[in-house]
Amino acid sequence: MIDETHDPQLRSWVESANSEGCDFPIQNLPLGVFQVRGEERRRLGVAIGDFVLDAGAWLSGETLNGYLELPRTQRKDLRREVSRVLAAGAPEKPLFAQADCQMLLPAVVGDYTDFYASIHHATNVGRMFRPDNPLLPNYKHLPIAYHGRASSLVVSGSPVRRPCGQLGEGRFGTSRELDYELEVGAFIGPGNTPGQPIPVNRAEEHIAGVCLVNDWSARDIQRWEYQPLGPFLAKNFATSISPWLVTIEALAPFRVETKGHDVPILPYLRAVEPGGFDITVEAWLRTRDMGHAVRVSQASFKDMYWTFGQMLAHHTSNGCPMRGGDLVASGTVSGPDKENRGCLLELTWKGTEPVRLPNGEVRTFLEDGDEVILTGYCMREGFRRIGLGMCQGTIVGNGQV
Ligand code: CA
C-alpha cells in the first residue's frame, strides 16, 4: 500500500539522500548488517544516501532474522518511524559513512531455493539444447526450481574462486565456462507451519523484501552433471547477494501486473492482486584491463512469467515449511531481446557469439580477474527512484591449470 513514506516530495536531513539518481532516498530505507571498519561489533542499519543510520534503537541482534520474523504490520510501523526520524526537520542523529562500513550478509539463511521464473531465459536456454521444443511441457503450469545451498551464500564484494569439477567422462579439472546469472532474491519473513501451504493471495505477508543475487554457474560442470536431477556442483560453490534488504513496503509504488499466462493455471497459483514488480536489473563487466565496467545486459523483473507470490505458494503447496530468513531467488532475469539476456550463456549463445568489449577484448565466459557487478532500481513517473544497491564479485584463480 502506498502511504506517506512514499511521498516523492519527502526530503531527508541527510543531503546525499535527496540527490536525483541516489539508490537510497528516504522513500527506500533498506536494512542491512554492517561493521564499522576497525570495530568487531556487528550493527543493524538503514541506508540513507551515502550513509548508514544505526537501527539499534529499534532492532536488536547481529542479523536481520529477528526483523524478518516480525509480522508485516510491525515492519510497516518501523518504516514509518524511521521515515519520521530521517525526514527533513527532524533532529539530526549520528551516521556512519557507507565508505567506512563493511557490509555483511543480512541474515542467517537457513535454506535457499533457486527458481527458473523467466520464460525468456527458459526459452533461450531450451532453444540452445532442444531447438524444436525449447520449453518443457511443465513450464507454464508450475514455477520450476531446485534447492540451492545456503552455506555458500556470500555478500557482495567477496571474491569468487573458480571451481574445479568433473567435466566429462574421465575428466576432472578447472571450470573454463564460468558464468554469472543476474537474479532477484526474496527474503522470507514469517514462515508457515509444516503441512500448511501459504495461499497465493497471502504470500506477500511472508515476503520481507528483495535483494540482487548472482547465481555463479560453471556451465561445463553443469552440462555433464545436470541430468536427471538438475544443478548441483555447477552452482553451489558460491552465490553472491547484495547487502541491502529493500523492503516489500518500499516496492509498493512499483507493483505491476505480470504478462498474462496463455494456458490456464491451477487455482492455487491464481492471485487476485498484481504480483509483479517493475525492477530494472543490469549486469556490468570489468576485466583486469578495463578502467571501468561496461553494461552487458539490462532487463526488467516485470517480464518474469511467475511472481514471487506464485513461487512461494507453489513452494509450500505440499506443506513444505519456509522459515524467516530463507532466500528464494527468481532465476536468471532475461527479456525478449538480446540485450536483455541475464547471463553469458545466453548473451554468447553457448559461446558461439562472443561478447566484444569496448577495449577490444572478447569474452565467451568469465576469466580470472573479471569483475561482475549487478545493479537494480525502480523508477516510475510521480515517485522517487529507489535502488537495490549492487552485488559485486571478482573471479580469482584456483591455482590449478
Ligand atoms: Ca539460477
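The values are calculated or read from the model by the stated rules, or taken from the named source; none is laboratory data. As the structure is a prediction and not an experimental result, all values here were calculated from the model. Glycine also receives a Cβ, built like all others from the backbone with ideal geometry; neighbour counts cover every protein chain displayed.
Here are a few things to note about the model shown:
- Residue match in the stretch 167-189 (condition: within 16 Å of the ligand (Cβ to nearest atom), β-branched (Val, Ile, Thr), within 30 Å of residue 363 (Cα to Cα) and touching a Gly at 6+ places or on another chain (Cβ under 6 Å)): no
- Some residue of the stretch 144-152 being of a type in the set (A, V, I, L, M, F, W, C), modelled with pLDDT of 95 or more and touching an Asp or Glu at 6+ places or on another chain (Cβ under 9 Å): yes
- Matching residues, the stretch 1-54, being farther than 20 Å from residue 92 by Cα and of a type in the set (A, V, I, L, M): 1, 2, 33
- Condition met for residue 297 (among the polar types (S, T, N, Q), touching a helix residue (DSSP H, G or I) at 6+ places or on another chain (Cβ under 7 Å) and surrounded by fewer than 22 Cβ atoms within 10 Å (Cβ to Cβ)): no
- Selection status of residue 83, among the hydroxyl-bearing types (Ser, Thr, Tyr) and touching a residue at least 40 places away in the same chain (Cβ under 8 Å): yes
Listed here are the residues, each with its yes/no results for (1) surrounded by 15 or more Cβ atoms within 10 Å (Cβ to Cβ); (2) in contact (Cβ under 8 Å) with a residue 40 or more places away in the chain; (3) away from the ligand (no atom under 16 Å from the Cβ).
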site: 102; (1), (2), (3): yes, yes, yes
site: 113; (1), (2), (3): yes, yes, no
site: 127; (1), (2), (3): yes, no, yes
site: 140; (1), (2), (3): yes, yes, yes
site: 150; (1), (2), (3): yes, yes, no
site: 153; (1), (2), (3): yes, yes, no
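- The criterion of being farther than 30 Å from residue 168 by Cα and modelled with pLDDT under 95 holds for residue 261.
- Members of the stretch 155-171 found to be surrounded by fewer than 14 Cβ atoms within 10 Å (Cβ to Cβ) and farther than 21 Å from residue 351 by Cα, listed by number: 159, 169, 170
- Enumeration of residues in the stretch 41-58 that are surrounded by fewer than 19 Cβ atoms within 10 Å (Cβ to Cβ) and not small (Gly, Ala, Ser): 41, 42, 50, 54, 58
- Residue in the stretch 307-366 that is surrounded by the most Cβ atoms within 10 Å (Cβ to Cβ), counting only those that are within 16 Å of the ligand (Cβ to nearest atom), in a strand (DSSP E or B) and not β-branched (Val, Ile, Thr): 329
- Every pair of residues 6+ apart whose Cβ atoms lie under 9 Å, when the first sits in the stretch 382-401 and is at pLDDT below 95 while the second is among the hydrophobic types (A, V, I, L, M, F, W, C): 398/164; 400/164
- Among the residues of the stretch 163-175, those identified as of a type outside the set (Val, Ile, Thr) and in contact with a Lys or Arg (Cβ under 9 Å, 6 or more places away or on another chain) are 167, 168, 175.
- Residue that is surrounded by the fewest Cβ atoms within 10 Å (Cβ to Cβ) [pool: residues in the stretch 230-273 that are aromatic (Phe, Trp, Tyr) and within 16 Å of the ligand (Cβ to nearest atom)]: 232
- Residues within the stretch 159-194 that are among the hydrophobic types (A, V, I, L, M, F, W, C), more than 30 Å from residue 316 (Cα to Cα) and under 22 Å from the mean Cα position of the chain (by Cα), tallied: 2
- Looking across the stretch 158-183, the residues that are in a loop (DSSP other than H, G, I, E, B) and of a type outside the set (Gly, Ala, Ser) come down to 159, 162, 163, 169, 176, 177, 180, 181.
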